[in-house]
1. Can you tell me which residue is surrounded by the fewest Cβ atoms within 10 Å (Cβ to Cβ) among those in region 76-91 that are without any contact (Cβ under 8 Å) to a residue 60 or more places away in the chain, of a type outside the set (Val, Ile, Thr) and not in a strand (DSSP E or B)?
2. Looking at Glu110, Glu99, which is the one that is outside any loop (DSSP other than H, G, I, E, B) and closer than 23 Å to Cys122 by Cα?
3. Can you pull out the residues in region 113-164 that are at positive phi and either at pLDDT 95 or above or in a helix (DSSP H, G or I) (or both)?
4. Those residues that are surrounded by 15 or more Cβ atoms within 10 Å (Cβ to Cβ), among the polar types (S, T, N, Q) and within 21 Å of Gly16 (Cβ to Cβ), I need them from region 126-164; list them, please.
5. I'm told Asp105 meets every condition in (1) touching a residue at least 12 places away in the same chain (Cβ under 8 Å); (2) under 18 Å from Arg136 (Cα atoms); (3) of a type in the set (Asp, Glu) except one. Can you identify the failing condition by its number?
6. Give Ala94, Ala38 a once-over and let me know the one that is farther than 25 Å from Arg136 by Cα and crowded, with 17+ Cβ neighbours inside 10 Å.
7. Somewhere in region 22-31, is a residue under 25 Å from Gly120 (Cβ atoms), among the hydroxyl-bearing types (Ser, Thr, Tyr) and modelled with pLDDT of 95 or more?
8. What about Gly101, is it under 16 Å from Gly48 (Cα atoms) and more than 15 Å from the chain's Cα centre (by Cα)?
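The values are calculated or read from the model by the stated rules, or taken from the named source; none is laboratory data. Quantities reported herein were computed from a predicted structural model and do not represent experimental measurements. A quick note on method: Cβ atoms are made from the backbone with ideal geometry, for glycine too, and the neighbour counts reach across all protein chains shown.
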Amino acid sequence: MNKALGNALHLTLPEGLPFIDYEREFDFPVAEVFRAHAEPDLIVRWLGPRGYTMEVEHYDFRSGGTYRYLHTGPEGVPYSFSGVFHTVRENEFAIQTFEFGGYPDVVSIEFMTFTDLGGGRCKISGHSVYPSMEARDGMASSGMEQGMSEGYERLDELLAEGRS
């Protein structure tokens, strides 16, 4: 990874609440980071941990749109994810549901805010709400933090390609 792009993911699990909160800064304009979240041909290049491939069945990043994709790990096992984009405001905000096929009937609601920090930089802030503490703790112990960190590093690398 390019060390100049080494912004850390900050993940918080509030005690006694079924929430996961996170923040991550990017050394790129908010419009570029938002676009990388919106376009399926870009999202397959960065979402998820290193060593996984991603296949998008459908991905419609707009208010009322839906998504379903598969991540396949090095061992060849596919993992499915799906949800609904309830609200999407360009370069600003998104609310979506998130369901991992390995834990059917456990759906989280995720709020993601894109903040322009000026100077060609931005921040993503996320707040995920789970139906129970058990569901939240299961997600937290699933390797979520490492997967998100590696995915955002890959996003940095993807966006840096556009500058070279």
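1. Going through the qualifying residues, I end up with Gly76.
2. That would be Glu110, the only listed residue that is outside any loop (DSSP other than H, G, I, E, B) and closer than 23 Å to Cys122 by Cα.
3. Result: Gly118, Gly119, Gly120.
4. Across region 126-164, the qualifying residue is only Ser128.
5. In the conditions (1) touching a residue at least 12 places away in the same chain (Cβ under 8 Å); (2) under 18 Å from Arg136 (Cα atoms); (3) of a type in the set (Asp, Glu), Asp105 misses (1) alone.
6. Ala38
7. yes
8. yes
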